[in-house]
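Engineer: One structure, pasted below without further comment.
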Amino acid sequence: MSNLPESLIRTPDLDRWIAIEHDGSIIVSTGKVELGQGILTAIQLIAAEELDVDPDQVHVRSAETGITPNEMVTAGSMSVETSGAAVRQACAWARRLMLSEVSDDPTQLEVSNGVVTGPGLNAPTSYTEIQAGTPFKFQIVDPTQEKDPSQYKVLGRDHHARIDLEDKIRGVGVFVHDLEFPDMLHARIVRPPSYHHRLETVDLTQIEAPDLGFVDGSFIAVMSINEYRATRLAESVGNTAIWTQTRQIPADKPLSDYLVAHEASAFPILDNVPQEVPPRSLTTAINAVYSRPYLMHGSLGPSAAAAQLVDGILTVWSPSQGIELIRHTLAQLLAMDAKAIRVIYVQGAGCYGHNAADDATVDAALCARAAPGRPVLLKWSRADEHQWEPYGPAMRVGMGANLSDRGDVDLWTHDVWSFSHAGRPAPGRTGMDVIAAWHLNDGFEPNEPAPRFGPESGIHRNALPIYEFPDQQVVKRFVPDSPLRTSSLRSLGAHCNVFAIESFMDELALAADTDPVTFRLRHLQDTRAIAVLQRVAELAGGVSGSRGIGLAQYKNRQCYAAVVAEVAVDATTAEVRVTHLWIAADAGRVVDRDGLTNQLEGGAIQALSWCLKEAVAFDRNGITSRDWETYPILRFSEIPLVETDIIDRPQLESLGAGEATQGPTSGALANAIYAATSIRVRNMPFTPQHLREAAAV
Amino acid sequence: MTKLQLNGETIAVEAIETTPLAYVLRNECGIKSVKLGCEAEQCGACTILADDRPVPSCTLALSDASERRLTTLEGLAKGDVLSAVQNALLTSNASQCGYCLSGIAVAAYALFQSNAHPTHNDIVNALDGHLCRCGAHPRVIRALEQLAK
């Protein structure tokens, strides 16, 4: 087995990765997709660096089935690590092959801004002259030498322009919502009132040609050439629908209690891998229970997709994070050959994990099947987005520890309860995890949720502490029966696990009468973790006053991040305002410093919103968070000052950073609230009501 | 036919008068900067200027828009030259996914039209009706504060 990046092992054909064009441009392909995280810019910079060309010369082509390399799902903060590594290696090979065309000893040649010079060349040449229009016809089976990072000129620079941004600031319609085709139909779906409603009857007679509508089981769709008319039709048809409620959503117990009551299996985690053996029973001197509710991805644009079925070929324009997964899911649901389905990625609004993009893609395909030949653009309503997206699961974390006489932790226990964080469509399984499949007459049931055992997977992501404790017991407690639909929300279990660990570390520091930074340092051996912790404390000028600190390394193997939060808590209203955030991070070799900062800060702000405001509300009859008033998120007037410092390590591998700050920020915030008020908030969100409840304990 | 004064031109559109302006702009006028987000005046993604004041276009009926001077993001640039606000947001990479960006840019443009040197509070108050889920707020604020100097 070679040392090649996984994506290159899957797609060794160099021509799938890079092409030199006659106009001087270089087309670099990636199977990863732009979600707003800036990956296309990062890929552009990596390619430009390795080829020694100006970044503007590199055009990045992203995700289309059968065209770009298959790089599975754009998730888990893996794109720079995986696709970035593959593109770097592919470019290193392309460079070597091109230079070998003009020299017997290509290592003697120099490339600067795309111009090739050196001994043996009569005149300077270029990649364009050497290779334009000519395929490489080369299979990568072994790695070739890459550029020494000490020679980098592009990577790590302070600022690069985001390649997707200029179109957006000019109003160019780049989103899937903006697609327009001749003769296009606009489609809307009429959803049941809840998960547990089934359609009895609906009256479609009011739909007159050229408008279209169809019903299949409990799946109702309407289509019109006029988009607003499609929304009106959806409403009026919806008003005629009669539904039967088959059962109720369990909603009478606090989620934290529900999780304990419905635990199905427990897996002690050892060396990052859960083993199916009974857990030890431990008595602890200090313990505390933390929780978070269900959280929404809350895309600002409701999910959308387009599709067209022509001569048995289905073309789908989708904002899915996994175009191959959705392609095979469509094949299974529509009983089509996957080869007859082409999925083209088109950007949606930011998704922050597995939202309803896949559901909307399937909806669009069903509508296209009902209107053969016609292009169909399907959009969800805001209310459906809020009620039907797969939420980030509720979690409960029970922490326990013994402190030695010296005030060190000598025993540490961590029990984490949660529902499945894995709800992506998984083709080939007996069930199917997209909404339409549950509603069609000949559809599929949802897959039975099952615990995952990979290192750092969903529930137990970052359940292992970054700290060194002599005796540890970390247990994953799986709860299959979730009252609400769930899937992967940015950082998965790491958010609540790190929140609990970092809160508990402060509680222990207090018990040990030690300041929180010193207490953490005493239990840390990882020098990179120590460095970010010290850096953030320096950046903030200390962690005294109404400030708190949090630290983690995402998945215990990716980006290190430490955060200091400063709060002001209103003594009368008990409202928490975050006034300042300081972030220090180590993501290894920096590719795009500004892009990295954007991701770290965006993740931190999103975490503040989760922690301060958010909880999906529901009752026995359905979801009651149906818009931005019933599910408020953080606003401009509530945004703190944010300062970020990055420790660049050019000689080390780049580490995924898109999910690094959620956990540390949440811990830092809870610790700051304690510093300001002596109230320990353990249940999210940190609303005035929860502060008052915590104060009353 | 309803006449609209859009981005400095008078145009005629054919749509039912109760149609929300956002739909008309997007589907009849090719104005894709206007985004549908909530269709309830809660998120700001569809913000345009009506007589130089930022308003949501998702609930404004076509019939109520015909007498007003309408400007969208597309109308802020002079040809290829972006407005100062657009340029500030662009050069600061003040965005992530960008779905909320055009509404924010339009509202910020209106703010700077009325006040060339807005304070931090002026900026966040002007944008408080605009939701951003990516958490790009700090860099939007920084970009506009820099422009205000």
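Engineer: Short version: ³J(HN,Hα) in whole Hz for each residue of the stretch A:517-523, in order, from phi by Karplus 6.51 cos²θ - 1.76 cosθ + 1.60 (θ = phi - 60°), x for Gly and Pro, what are they?
Structural biologist: So the Karplus estimates, Gly and Pro as x, are 6, 4, 4, 5, 4, 5, 10 Hz.
Engineer: Can you list the GluC sites (Glu not before Pro) in the stretch A:600-697 that are in a DSSP coil and have 15 or fewer other beta carbons within 10 angstrom?
Structural biologist: Here the GluC sites (Glu not before Pro) that fit, given the DSSP loop and packing criteria, are A:Glu629, A:Glu653.
Engineer: Add +1 for every Lys or Arg and -1 for every Asp or Glu among the other residues with Cβ under 13 Å from the Cβ of A:Ser236, and state the total.
Structural biologist: Net of charged neighbours comes to -1.
Engineer: Extending each Cα 7 Å along its Cβ direction at A:Glu445 and B:Thr91, get the distance between those two points in nm, one decimal.
Structural biologist: Here the answer is 6.1 nm between the modelled labels.
Engineer: Only bridges whose two residues both fall in the stretch A:491-696 count here: according to DSSP, what percent of them are antiparallel, nearest 5?
Structural biologist: That works out to approximately 75 percent antiparallel.
Engineer: Rounded to the nearest 0.05, what FRET efficiency is calculated for A:Gln534 and A:Lys137 with R0 set to 41 Å and r the Cβ-Cβ distance?
Structural biologist: In this case the efficiency is close to 0.20.
Engineer: Whole-Hz Karplus ³J(HN,Hα) for the stretch A:109-117, in order, using 6.51 cos²θ - 1.76 cosθ + 1.60 and θ = phi - 60°, x for Gly and Pro?
Structural biologist: 7, 10, 10, 9, 6, x, 9, 9, 9
Engineer: How much FRET efficiency would the formula 1/(1 + (r/R0)^6) give for A:Ile242 and B:Thr59, where r is the Cβ-Cβ distance and R0 is 41 Å, rounded to 0.05?
Structural biologist: 0.85
Engineer: Follow-up. Ignore the peptide's own chain and count Cβ atoms of other chains within 10 Å of each Cβ in A:196-209; give me the average, rounded.
Structural biologist: Neighbouring Cβ atoms belonging to other protein chains average 0 per residue here.
Engineer: How big is the gap, in Å, between the Cα center of the stretch A:496-519 and the Cα center of the stretch A:124-200?
Structural biologist: 42
Engineer: Can I ask one more? Considering only C-alpha atoms, what is the centroid distance from the stretch A:389-437 to the stretch A:298-320, in Å?
Structural biologist: Taking the Cα centre of the stretch A:298-320 as reference, the centre of the stretch A:389-437 is 32 Å away.
Engineer: Under the rule of at least 5 residues apart or a separate chain, name every residue whose amide H is placed under 5 Å from the amide H of A:Tyr391.
Structural biologist: Those lying under 5 Å, H to H, from A:Tyr391 are A:Arg485, A:Thr486, A:Ser487.
Engineer: Turning to a different aspect of this structure: Using the Cα atoms of the stretch A:6-83 to build a convex hull, what is its mean projected area in square nanometres?
Structural biologist: 5.1
Engineer: Let me ask something else. If you count the DSSP beta bridges with both ends in the protein assembly as shown, what percent of them are antiparallel, to the nearest 5?
Structural biologist: Counting DSSP beta bridges with both partners in the protein assembly as shown, the antiparallel share is about 75 percent.
Engineer: Can I ask one more? Full extension from A:Asp570 to A:Asp513: what is 0.36 nm times the residue separation minus their Cα-Cα distance, to one decimal in nm?
Structural biologist: Extra length from A:Asp570 to A:Asp513 when fully extended: 17.8 nm.
Engineer: OK, next. By the scheme Lys and Arg +1, Asp and Glu -1, what is the net charge of all other residues having a beta-carbon under 12 Å from that of A:Ala568?
Structural biologist: The answer is -2.
Engineer: What's the ranking of A:433-442, A:464-473, A:518-527, A:314-323 by average number of surrounding C-beta atoms within 10 Å, highest first?
Structural biologist: Packing proxy ranking, top to bottom: A:314-323, A:433-442, A:464-473, A:518-527.
Engineer: Okay, next question. Determine the calculated [θ] at 222 nm for chain B from helices alone, applying -39500 (n - 2.57) to every DSSP H run no shorter than 4 residues and normalising by the residue count; nearest 500 deg cm²/dmol.
Structural biologist: After summing the helix terms and dividing by residue count, I get -10000 deg cm²/dmol.
Engineer: For A:Ser100 and A:Thr430, calculate 0.36 nm times their separation in residues minus their Cα-Cα distance, and state this gained length in nm to one decimal.
Structural biologist: Taking 0.36 nm per residue and subtracting the Cα distance, the gain is 113.6 nm.
Engineer: Here's a follow-up. Please tell me the relative contact order of the stretch A:575-670 in percent, rounded to the nearest whole number, where contacts are Cα pairs under 8 Å and at least six residues apart.
Structural biologist: Relative contact order comes out at 52 percent.
Engineer: Could you list B:Lys149, A:Lys555, A:Lys153, B:Lys35 so that the one with the fewest beta carbons within 10 Å of its beta carbon is first and the one with the most is last?
Structural biologist: Placing the least packed residue first, the sequence is B:Lys149, A:Lys153, A:Lys555, B:Lys35.
Engineer: Now, a different point. What net charge is computed for the residues neighbouring A:Ile633, neighbours being all others with C-beta under 10 Å from the C-beta of A:Ile633, Lys and Arg scored +1, Asp and Glu -1?
Structural biologist: Computed value for this residue: +1.
Engineer: Can you give the FRET efficiency to the nearest 0.05 for A:Glu180 and A:Val310, using r as the Cβ-Cβ distance and R₀ = 22 Å?
Structural biologist: Once the sixth-power term is evaluated, E becomes 0.80.
Engineer: Decide, for chain A, between rounded, prolate and oblate: order the square roots of the alpha carbon gyration tensor eigenvalues as a ≥ b ≥ c, take rounded if a/c falls under 1.5, and otherwise choose prolate if a/b is larger than b/c, else oblate.
Structural biologist: It is oblate, given that a/c is not under 1.5 and a/b is not larger than b/c.
Engineer: In addition: Looking at the stretch A:444-492, which trypsin sites (Lys or Arg not before Pro) are DSSP coil and have at most 13 other C-beta atoms within 10 Å of their C-beta?
Structural biologist: When the trypsin sites (Lys or Arg not before Pro) of the stretch A:444-492 are filtered for loop state and at most 13 Cβ neighbours within 10 Å, nothing remains.
Engineer: Ok, one more. Across 5 Å bins from the origin, how do the percents of Cα pairs in the stretch A:491-696 run, short distances first?
Structural biologist: In whole percents, the pair-distance histogram is 1, 8, 16, 21, 20, 15, 10, 5, 3, 1, 0, 0.
Engineer: Please work out the Cα center distance from the stretch A:329-372 to the stretch A:620-661, rounded to the nearest Å.
Structural biologist: Cα centroid to Cα centroid, the span is 28 Å.
Engineer: Right, something else. What number, in percent, do you get for the relative contact order of chain A if the mean sequence gap of Cα pairs under 8 Å and at least 6 apart is divided by its residue count?
Structural biologist: 14
Engineer: How many percent of all Cα-Cα pairs in the stretch A:589-646 sit more than 18 Å apart?
Structural biologist: Value for the stretch A:589-646: 50 percent of Cα pairs lie more than 18 Å apart.
Engineer: In whole Hz, with x marking every Gly and Pro, tabulate ³J(HN,Hα) for the stretch A:322-338 from phi via Karplus 6.51 cos²θ - 1.76 cosθ + 1.60, θ = phi - 60°.
Structural biologist: Once θ is set to phi - 60°, the couplings for the stretch A:322-338 become x, 5, 6, 4, 6, 4, 6, 5, 4, 4, 5, 5, 8, 6, 10, 6, 4 Hz.
Engineer: To the nearest 500 deg cm²/dmol, what mean residue ellipticity at 222 nm is calculated for chain A from DSSP H runs of n ≥ 4 alone, each contributing -39,500 (n - 2.57), summed and divided by the residues?
Structural biologist: About -8500 deg cm²/dmol.
Engineer: Amide H neighbours of A:His197 under 5 Å, counting only residues 5+ apart in sequence or on other chains, H built in-plane at 1.01 Å?
Structural biologist: Here the answer is A:Thr246, since their amide H atoms fall under 5 Å of that of A:His197.
Engineer: How crowded by other chains is A:594-603, given as the mean number of beta carbons from other chains within 10 Å of each beta carbon?
Structural biologist: That average works out to 4.
Engineer: Separate question: Which of the peptides A:292-304, A:81-93 is most tightly packed, and how do the rest follow, going by the mean number of other Cβ atoms within 10 Å of each residue?
Structural biologist: So the peptides A:292-304, A:81-93, ranked by packing, come out A:292-304, A:81-93.
Engineer: Check A:Arg61: other-chain or 5+ apart residues with amide H under 5 Å from its amide H, H built from backbone geometry?
Structural biologist: Amide H to amide H, under 5 Å and 5 or more residues apart or across chains, A:Arg61 pairs with A:Val28, A:Ser29, A:Thr30.
Quick note: the coordinates plus some simple rules give every number you see, no bench work behind them. This structure is a prediction, so every number in the text was calculated from the model and none was measured. For neighbour counting, all protein chains shown are included, and Cβ atoms are generated from backbone atoms with ideal geometry for every residue, glycine included.
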